[in-house]
Amino acid sequence: MTAFNDSYAEERDVFDKKFAKLVNLIEHSHRMTVFTGAGVSTLSGIPDFRGKHGVYNDPWQGLEVEEIISMTFFRREPGIFYKWAKDVWYRLEDYEPNIVHRTLALMQEKGLLESVYTQNIDMLHQRAGSRSVYEVHGSPQYHHCTRCGARYGYKEIAPKVLRDELPVCPKCGGVIKPDIIFYEESLNENVLNRAWEDFSRSDLCLVLGSSLTVQPAASLPMLARRNGADIVIVNAQSTPQDSTATLLFKDLRQTFEALNAYLVGR
């Protein structure tokens, strides 16, 4: 799969001045936390939800995508959900980690970064080698039976979905659901509690490819800021928290190619 070609790269002299400040922040940080959103995944060719290539932009067979990924709809029409999800969430092996994923893994390897919190469900951070990855909105890595609670892995369920089969539990016949947080569901309490602790203690928070509009996840960087952390936002569009940021960058690829080159030579 090819990445989308949108570029928001800044003029070299403007970028270089800001990048030098970013390096200084990273080198002096003792507890850095990263928050990633769908903009990171677009570099791997995965469409986001709200951007101009986003899956929310066009209805699917006459249905709004936000309706399809609600619990009300899933309970009523799980087969339709899986038909939509087949080409969205069950071909993840077709995508590869990009420069952002790889650089964040390198930062952890060098001891510069503690935790990665992501809104994404594509598991690319883990495939790039990152540790301490917390999926705020869950992922299809695991599934569960909605009747008896039996657990299943992505590799068990994906082939069924790709064959247009409705995944049902062989133990009780209940419908199987991915461990992704749908609309009308609450976030995982354990992940959220860990996030509140980590962001509260951070002295530097990188916000990457997130519009910071989906709550309560979007409030986590603000929690870090209220506790004195520097916030660096790298996102093509403006966010509600831009005014609180220490640094703003537009282009993820430009920023992380430079950061990767710096870290390799560090």
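The values are calculated or read from the model by the stated rules, or taken from the named source; none is laboratory data. Everything quoted here is computed from the prediction, not taken from an experiment. Here the Cβ is made from the backbone with ideal geometry for all residues, glycine too, and neighbour counts use every protein chain on show.
Residues that are under 21 Å from the mean Cα position of the chain (by Cα), modelled with pLDDT under 95 and closer than 20 Å to PRO140 by Cβ: find the helices (runs of 4 or more DSSP H) completely inside segment 46-115 holding 2 or more of those.
65-68, 78-89
Would you check which residues across segment 207-266 are without any contact (Cβ under 8 Å) to a residue 60 or more places away in the chain, part of a helix (DSSP H, G or I) and not basic (Lys, Arg) and list them?
SER219, MET222, LEU223, ASP242, SER243, THR244, ALA261
Does GLY129 satisfy the criteria of being at pLDDT 95 or above and out of contact with any strand residue (DSSP E or B) (no Cβ under 9 Å at 6 or more places or on another chain)?
When the stated conditions are applied, GLY129 passes them.
Given the condition buried (at least 17 other Cβ atoms within 10 Å of the Cβ) and farther than 30 Å from LEU22 by Cβ, answer yes or no: does some residue in segment 111-126 qualify?
No - not one qualifying residue is present in segment 111-126.
Would you be able to tell me the number of residues in segment 94-110 that are without any contact (Cβ under 8 Å) to a residue 40 or more places away in the chain and surrounded by fewer than 18 Cβ atoms within 10 Å (Cβ to Cβ)?
Final tally of qualifying residues: 1.
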